[in-house]
1. Charges only on Cβ, +1 for Lys and Arg, -1 for Asp and Glu: so what's the dipole of chain B about the Cα centre, in debye to the nearest 20?
2. Placing +1 on the Cβ of each Lys and Arg and -1 on the Cβ of each Asp and Glu in chain B, which of B:Val19, B:Gln102, B:Phe47 has its Cα farthest towards the positive end of the resulting dipole?
3. From the backbone phi of the range A:11-19, what are the Karplus-calculated ³J(HN,Hα) couplings (6.51 cos²θ - 1.76 cosθ + 1.60, θ = phi - 60°) in whole Hz, Gly and Pro given as x?
4. Using r as the Cβ-Cβ distance of B:Arg30 and B:Leu83, and R0 as 45 Å, what FRET efficiency do you calculate, to the nearest 0.05?
5. For the protein assembly as shown, give the magnitude of the charge dipole about the Cα centre (Cβ charges: +1 Lys/Arg, -1 Asp/Glu; no others), in debye to the nearest 20.
6. Going from the alpha-carbon gyration tensor of chain A, what semi-axes, largest first and in whole Å, does one get by taking the root of 5 times each eigenvalue?
7. With only alpha-carbon pairs counted, each pair once and no self-pairs, how large is the Kirkwood hydrodynamic radius of the range A:12-53 in angstroms?
8. Need one number: the % of Cα-Cα pairs in the range B:2-89 sitting beyond the 18 Å mark.
Amino acid sequence: GQNIDQPTEMTATEGAIVQINCTYQTSGFNGLFWYQQHAGEAPTFLSYNVLDGLEEKGRFSSFLSRSKGYSYLLLKELQMKDSASYLCAPPRGNYGQNFVFGPGTRLSVLP
Amino acid sequence: KAGVTQTPRYLIKTRGQQVTLSCSPISGHRSVSWYQQTPGQGLQFLFEYFSETQRNKGNFPGRFSGRQFSNSRSEMNVSTLELGDSALYLCASSSGQAQETQYFGPGTRLLVL
């Protein structure tokens, strides 16, 4: 919704690296979130980028370019448990809140 | 700290009925947001309450309403239910500051027959 684009589905092999892209209409606000949602469960917080650049957090990294309205989530050393949907939430709202989520990318990790 | 709780977890209603869902935020959190999630539309923002006031609103019809109590617990009401209201309803709590992480509850799965 609201001009946020993510690939619908991706497939990768256990142990591989995968990059999930998110493009959005810029709003002048900072801050983009990534959430992970396993099937039948609630979304859980993965990462937050407030400024441009790469944020690394273990096997997961997230990159943001505010001027280009572009972010990606990089998952390394994929495990079966990483099979889930990944949702990006760029800043929206009157004060740049992150209430609008992308459509989500469903990642399947194969053995 | 206890997480976000939602009740009931599952609900079956018929068209035309109304339903009230409840959400208890993480202790100390003053913001509660509500979302509708369906396979076709993804995660859609309904509204946000902060200190008992609706602070942000999504693009849903007036049949969807909510309120927040002084203890930050929130309820969401849907009147005159339609088949298309069948969805997972999620609430999320946060401190209420801009760009703060939201913590989601397990959701209420509503089926309208």
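1. Numbers: 11 positive and 6 negative charges, 32 e Å.
Dipole of chain B, to the nearest 20 debye: 160 debye.
2. B:Val19
3. With coefficients 6.51, -1.76 and 1.60, one gets 10, 8, 9, 3, x, 7, 10, 9, 10 Hz.
4. Once the sixth-power term is evaluated, E becomes 0.80.
5. Computed charge dipole of the protein assembly as shown: roughly 500 debye.
6. Semi-axes from the Cα gyration tensor: 23, 14, 11 Å.
7. Averaging 1/r across every pair of different Cα atoms and inverting gives 12.9 Å.
8. On the way: 1620 of 3828 pairs.
Here the long-distance tail beyond 18 Å is 42 percent of all Cα pairs in the range B:2-89.
The numbers here are math on the coordinates, done by the rules we state, and not lab data. On a predicted model such as this, the values are computed, not experimentally measured, just so you know. Heads up, the Cβs are rebuilt from the backbone with ideal geometry, glycines too, and the neighbour counts pull from every protein chain shown.
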